[in-house]
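Bear in mind these aren't lab numbers, they're just calculated from the coordinates by the rules spelled out. Bear in mind that the values here come from a model prediction, so they are computed numbers and not experimental data. All Cβ positions, glycine included, derive from the backbone under ideal geometry; neighbour counts span all protein chains shown.
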Amino acid sequence: MSDAVDPLRVSTEPLGHVLVIGLDRPDKRNAADLAMLQQLALAFGRLDRDPDLRVGFVHAHGDHFTAGLDLADIAPRITATGLDTVPEGGLDPWGLAGPRVTKPIVVAVQGTCLTLGIELLLAADITVAADSTRFGQIEVARAIAPFGGATIRLPRAVGWGNAMRMILAAETVDATEALRIGLVQEVVPHGQQYARGLELAHRVAAQAPLAVQAALANARLAIAEGDAAAAASLQPDLVRLMATEDARLGMIAFADRTPAQFVGR
C-alpha cells in the first residue's frame, strides 16, 4: 500500500525572480489545515534557498485570503509541546520557530482575512489589500489566544489600543480602517490586489538583491536588538556591499543613466 499523499493546499510558481505562493483551498475559504501550513513552510524554504528567487509573493486563490485555522483538523494535532508545522526543508512563514526567510515577502489579501492571515502579513514586509477585505484577530472568541505572532507584532504595527481592540475584543476592521492604522500599506479595488501586489514584488526583485536583503536584515535587527545594534552593522554592511559585482553594475548604470541588471553577486 502506498503512503497517503497530502492534498495540494499551496501553489507555487516562479515568475522571473519572484516566487508566487498561493493559498489554495478556496472551497474552505483557505482555512489552514496541517497540510497547508506545512506546504507553506516548504515554499518559504524553497524561496530562501534558491539564489535565483529574490522575493516571495503570497496571495490566495478564490474570494477569501483565509478564514484562519481549520480547528477541526488542527486541534487534535496539538500536543503537549504545541503544534509542529515546519517539515524538513521548510521555514516558518510566521518567523517564530527557527530562522526567518531572508528575502522580502509581499502579500495580497482579499475577502476574509482572519487570525493566522493577519499574522502572516505582520511577518511579511508589504501588504496590498482589496477593498473587500475584513480583518479579524478573533482567537479569544474561540477560547484560544493568538499564537502566530499577533501579540508581539500587532501592537508594534498599529499601536497598543488598536491592537487590543482587535485581539481582546475580537473586533473586525475593514480595509479602510486597516490602512488608517497601518496594518496594510495600500488598498485597491477588489480584483486588483493580485496585479498590484505582483507589481510591487517585481519592483523589489529588480533592485540589487544583496542590498535588499542587507536592508531587510538591518531593519529586523533594529527591532530585535535595538538601534545601537543595527547602527553598528551599517558600515560593515556598506563595505561588504561595495565589494560586490552588483555594486559595480550599479555604478555603471548610474553613470550611463540606464536601469541596472543586477546578478546577485
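Computed extension length for Ala228-Asp50: 60.9 nm, one decimal, from 0.36 nm per residue of separation with the Cα-Cα distance subtracted.
Provide the gained length on full extension for the span Ala253 to Ala97, in nm with one decimal, where the gain is 0.36 nm per separating residue minus the Cα-Cα distance.
Length gained between Ala253 and Ala97: 52.2 nm.
Legend: P(r) of the range 209-256 from all alpha carbon pair distances, 10 Å bins from 0, whole percents, reading 26, 45, 23, 7. The label point for Arg165 and the one for Arg180, both projected 7 Å from the Cα toward the Cβ, are 0.7 nm apart.
Using the beta-carbon distance between Gln213 and Ala143 and R0 = 30 Å, what value does 1/(1 + (r/R0)^6) give for FRET efficiency, to the nearest 0.05?
On the way: r = 40 Å, r/R0 = 1.34.
For Gln213 and Ala143, the calculated efficiency is 0.15.
Between the amide H of Val187 and those of Ala129, distances stay under 5 Å, these residues lying 5 or more places away or on another chain, with hydrogens modeled in the peptide plane. Whole-Hz Karplus values for the range 74-90 come out as 7, 3, x, 8, 7, 9, 5, 9, x, 10, 9, 10, 10, x, 4, x, x Hz, taken residue by residue from phi with 6.51 cos²θ - 1.76 cosθ + 1.60 and θ = phi - 60°; glycine and proline positions read x. Taking Cα atoms only, the orientation of helix 245-256 departs from the longest principal axis of the chain by about 70 degrees. Per-residue extension of 0.36 nm, minus the Cα-Cα distance of Asp84 and Asp131, leaves a gain of 13.5 nm for this segment. Whole Å is fine, so just give me how far the alpha carbon centre of the range 69-145 lies from that of the range 222-264. If you average the Cα positions of each part, the centres end up 31 Å apart.
Starting from the alpha-carbon convex hull of the chain, give the projected area averaged over all orientations, in nm². Walk me through the intermediate numbers first.
On the way: hull surface 65.2 nm².
Quarter of the Cα hull surface area: 16.3 nm².
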